[in-house]
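Encoded as structure tokens, the structure appears first; notes follow it.
Values quoted throughout were computed directly from the atomic coordinates according to the rules given, and no laboratory measurement underlies them. In this text, all values refer to a predicted model and were calculated from it rather than measured experimentally. Please note: Cβ atoms are built from the backbone with ideal geometry, for glycine as well, and neighbour counts cover all protein chains shown.
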Amino acid sequence: MILHQWTKNPQEAIAIQKQLASQIERTDRLPATINYIAGVDIGFEQQNDTTFTRAVIVVLEYPSLKVVDYALHREVTRMPYIPGLLSFREVPAAIAAFQQLKQQPDLIMVDGQGIAHPRHLGVASHLGLWLDKPTIGVAKKRLCGKYQTVPEHKGSWTPLEDKGETIGAVLRSKDNINPLFISIGHRVCLNTAISWVTNCLTKYKLPEPTRQADRLASRRVVEERIFKEWNIE
DNA sequence: GCGACAG
DNA sequence: ATCTTGTCGC
């Protein structure tokens, strides 16, 4: 279902975000059993005078964390990067990639903020609302909010607060490595978001869903060997 | 006015 | 995000 037009006008985009933010669900509404978790990431390719947006979405089986499906979509980049309006640049491509999946996920982790955003509608929230799926924002940097120093050991976290409310969690996903910024995307409460990200952590900074998506999104060319490596097709 | 600013 | 070499540390 179409929620709105993907305007390229900043003023209109801000108005749309304010209207959509009220529809975000901050409490759990996800399957009792999670069998498939998706990871989303976007990369860019410069080809002479044109910039292409490349969206990658991978689906991992849980708890094995094995990749069972993935999709990729390229399109000419529609908007420049403007802090706070990232979803209007990246989400359309992510939706196109999502529609190619054969295995539907029960939960989606997105590279970027969820409600930890000036108008409470980061990429993870916007994508979740559009797809009507549970989503979690997994960002590597802070967009807004304040937080206390996080203990250095893996698993510890401190609240990310803005204007008197908790908008996310600053989570140490690996010992002595910069923390991740976790926030509600849609249909998942903060504690549930934190536990699912934690459940998907192995020996790296990023949880497996976004780490695997990142591997493809940040690649110059998607070679055939990737298919074999994941035993797909 | 000045600084901050996901990817 | 992307452009890029070496380098410090577990």
Most fluctuating residue of A:Y204, A:Y147, A:Y36 in a GNM of chain A with Cα springs under 10 Å: which is it? A:Y204
Sequence gap at least 6, Cα distance under 8 Å: using those rules, report the relative contact order of chain A to the nearest whole percent. 21
How far apart, in nm, are the 7 Å Cα→Cβ label points at A:K154 and A:A15? 4.9
What nm distance separates the two modelled labels at A:R29 and A:H4, each placed 7 Å from Cα along Cα→Cβ? 1.9
Expressed in nm to one decimal, what extension gain is obtained for the pair A:Q47 and A:Y204 from 0.36 nm per residue of sequence separation less their Cα-Cα distance? 53.4 nm
Potential lengthening between A:D175 and A:E61 on full extension [0.36 nm per residue; Cα-Cα distance subtracted]: 38.5 nm
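How would you classify chain A from its alpha-carbon gyration tensor, with a ≥ b ≥ c the square roots of the eigenvalues: rounded for a/c under 1.5, else prolate if a/b is greater than b/c, otherwise oblate? Present the calculation step by step, with values, prior to reporting the outcome.
Numbers: a/c = 1.42, a/b = 1.06, b/c = 1.34.
Rounded shape, in that the Cα axes give a/c under 1.5.
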Using alpha carbon centroids, what distance separates the stretch A:1-35 and the stretch A:98-124, in Å? 10
per DSSP, antiparallel bridges as share of beta bridges in the stretch A:10-153, % nearest 5, sits at 75
Cα gyration tensor, the stretch A:1-96 - rounded (a/c under 1.5), prolate or oblate: oblate
Using Cα pairs closer than 8 Å and at least 6 residues apart in sequence, work out the relative contact order for the stretch A:1-122, in percent. 29
The stretch A:80-125 shape via C-alpha gyration tensor axes, a/c threshold 1.5: oblate
